[in-house]
Each structure stands twice: as C-alpha cells, then as structure tokens.
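Written below as structure tokens is the structure these notes are about.
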C-alpha cells in the first residue's frame, strides 16, 4: 500500500460512498424503479447511470420531475425514495470486498481519510449502523455541505480543505463517471471501482479496479 501511495504522490484518501464503500447501486436503481412506478414513471439502467448515479438527490429529483425545485421540496421526494432504498438494502448491506482491510492499512500508515458523498445524512448513518467504519474517517462531506454536485469538483475541494491537504496530494476512490470527473477537475488522483460502470466508461481514472482486494 505504501508503495502505491508513494508512486501516486498522495498523502490523503477520500472515498465516495455509494458504489465505493458499499456495492449498493443495484438497490438504488431498484428503489428508484419502485418509487417511480408509484408516480407512473419509469427509468432504465442506462438512464440511471447517466443522470442519477453519483449526483446529489436534488439533482436527481429535478431530473426525474423535469423542473427546478427548492431544496425543501426536493427533500420531501428524496426522503420517500431513500426510505424505500434502505428497506430494500438493509438485509444485504456489506462493505465492498477488501474495504475493511484497506481502511485499516491506511490508518496504520497514518493516512488521513474523508468521505465525500452526494448522499444525505440519514443514508450515511444507515451505513455506519451496519458497517462500523466511522472511526476511520476524519471528515464526512455530504450534499448539504455543497452548492454544486458532481461532476463539479466542489465536494472534493471541500474535503481536501477540511483534511488540510493540498488537492494534488489526495487520492480519491470513486465508482461514478461524474465522480471521477469531479475528482480529476480538483487535480486529484483517482482509483475507480467497477461496481456500477464499465472500465471503459471510467477510463478518465488513473487506475481501475474491481474491488479493494487487488490493492492489499
């Protein structure tokens, strides 16, 4: 692990959450389909990957309804959809293969870590309740902390600022195309995980892996 960090010239690690800490995007897609069925709409997997995955809930809801909304109005719909997601995913939740060992290795190397997720606090806490990894992360940045969602780099600049690390010395773990784009715009190195997108779709990343076991 230390050889990889030295090779990439990084001293801090920032993790996206959905599809990166947990392989849950199939359940997000399933919950979107269930939510949309109740309001007479449909969504394909390709549409989900292009317009929903990696983006803030507000951006996703505005895309679904085809109009701009206040944060308060979008949150009403968001909470309905995310309640469906947590119900569907709870029996299946587990960390991505190799994650626990990777976090422990990074901690032993005194590498400061943060989460930078487009998700909402209730989903973050849901993950921590079932996967006790909160102690590894010095900072947690989520959608309420930013004005512009991925692919805008704001969330990654914010995470680097809170970690007090120059962005060019940060290594980002991502699964979404827009997340990879955001991290690269911030001047960071990126390792992409193929939980949601193909390696070809994630080709802007510096490295592409199937899970974290390959790094151990």
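The values are calculated or read from the model by the stated rules, or taken from the named source; none is laboratory data. Quick caveat, the model's predicted, so the values are computed rather than measured. Cβ placement follows ideal geometry from the backbone for every residue including glycine, while neighbour counts extend to all protein chains displayed.
Observations
- Scanning region 21-47 for residues being touching a residue at least 12 places away in the same chain (Cβ under 8 Å) and under 30 Å from residue 101 (Cβ atoms) gives a total of 10.
- For region 83-119, a residue qualifies if it is part of a loop (DSSP other than H, G, I, E, B) and at pLDDT 95 or above, and the qualifying residues are 93, 94, 96, 97, 98, 109, 110, 111, 112, 117.
- One residue from 140, 191 being under 18 Å from residue 5 (Cα atoms) and outside the structural domain of residue 85 (by TED's automatic domain parsing): 191
- For the criterion of being free of Cβ contacts under 8 Å to residues at least 24 places away in the same chain and in contact with a strand residue (DSSP E or B) (Cβ under 8 Å, 6 or more places away or on another chain), residue 115 fails.
- Some residue of region 192-215 being more than 21 Å from residue 46 (Cβ to Cβ), outside any strand (DSSP E or B) and within 14 Å of the chain's Cα centre (by Cα): no
- Residue within region 35-45 that is within 20 Å of residue 116 (Cβ to Cβ) and in a helix (DSSP H, G or I) present: no
- Matching entry among 103, 88 (being more than 20 Å from residue 122 (Cα to Cα) and touching a helix residue (DSSP H, G or I) at 6+ places or on another chain (Cβ under 8 Å)): 103
- Unmet criterion (only one of (1) within 19 Å of residue 121 (Cα to Cα); (2) over 20 Å from the mean Cα position of the chain (by Cα)) for residue 44: (1)
- Being part of a helix (DSSP H, G or I) and over 21 Å from residue 95 (Cα atoms) is not true of residue 26.
- Exactly one residue out of 61, 52 is over 20 Å from residue 173 (Cα atoms) and either surrounded by 15 or more Cβ atoms within 10 Å (Cβ to Cβ) or modelled with pLDDT of 95 or more (or both), and it is 61.
- Tallying residues that are farther than 14 Å from residue 54 by Cα and in a loop (DSSP other than H, G, I, E, B) within region 149-189 yields 6.
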